[in-house]
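Input: a single structure, listed below in structure tokens.
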Amino acid sequence: MARLLVLALLLLLPGQGAAREEVVLGLSEDRISINTSFTGSQILIYGAVKREAPPEDAPLGVIITVEGPDQRLTVRRKTRQFGIWINTDAVVVDSAPSFYAVATTGPLEDILTSTEDLRRKISINRAIRAVGAPDTIRDAERFTEAIIRIRERANLYQQREGRVDLRQETLFSTAISMPSELVEGVYDVRIFLTRKGEVISEHDSSIDVRKVGLERWLFALAHARPFFYGLMSLAVAILAGWGASEAFRKLRNW
């Protein structure tokens, strides 16, 4: 609440050459550190609408998206042939966000036209770009749906309609849950203001997600020195097995 009051005071400052309505944005934190005890995080995104004129009669819509680094994926489909499951079809997904959340003040189709969605790639479906579908595959969209379904189950894709709290068409806020399976990189935050389904203002920010401590050291070792990382993993497995064997032996003799 204190942060929202500070943003409200900013609205009283005169603007020079500003749009009729624009976003003043804040983040509860702009950096997430991943260590061995990281179990997820929650980011509070809050802001206000700065105006130079009274608001229009049409209701204001607010859309907030958080997008993780893109990944290139090959999605395969298995079919049962001769009693066994084998890969038969594959579609290359050229760009799929590793994490994507979209929060809105209401149903997305009510506050955003399909044309604007296509132009700005706001919805989850539009954020994924699939290419390379062979001519023999007539249902390529099902491969994209499979990615969305799997990542929704893992809480990596989130559609949070009606979860942006908008007060008097001026102050807005929402909370985005960031799961523990985050990919390291820069996460883009976008805020859209809409009226009659059209975007009237947009603001961009970012959240930096980095591994730290032991997690960072292991990640760097696995990528820079995979041979030594493999030897270390083997040594740890042998020691763990030997330790467990000795513990059970002592328990039997006790």
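Read the figures in this text as sums done on the coordinates, not as results from a lab. The model shown is predicted, which means the values in this text are computed figures rather than measured ones. Every residue, glycine as well, gets a Cβ built from its backbone with ideal geometry; the counts of neighbours run over all protein chains shown.
General observations
- Hull volume in cubic angstrom per residue (convex hull over the Cα atoms of segment 64-206): 131 Å³
- Using a simple spin-label model with pseudo-atoms 7 Å out from Cα toward Cβ, Ala53 and Val186 lie 3.5 nm apart.
- Around Gly197: net Lys/Arg minus Asp/Glu count, Cβ-Cβ under 10 Å: -3
- Put simply, when 96-102, 148-154, 53-59 are sorted by average Cβ atoms within 10 angstrom per residue, most first, you get 96-102, 148-154, 53-59.
- The aspartates and glutamates within cross-link reach of Lys50, meaning a Cα-to-Cα straight distance under 16 Å and a gap of 8 or more places when in the same chain, are Glu21, Glu22, Glu169, Glu202, Asp204.
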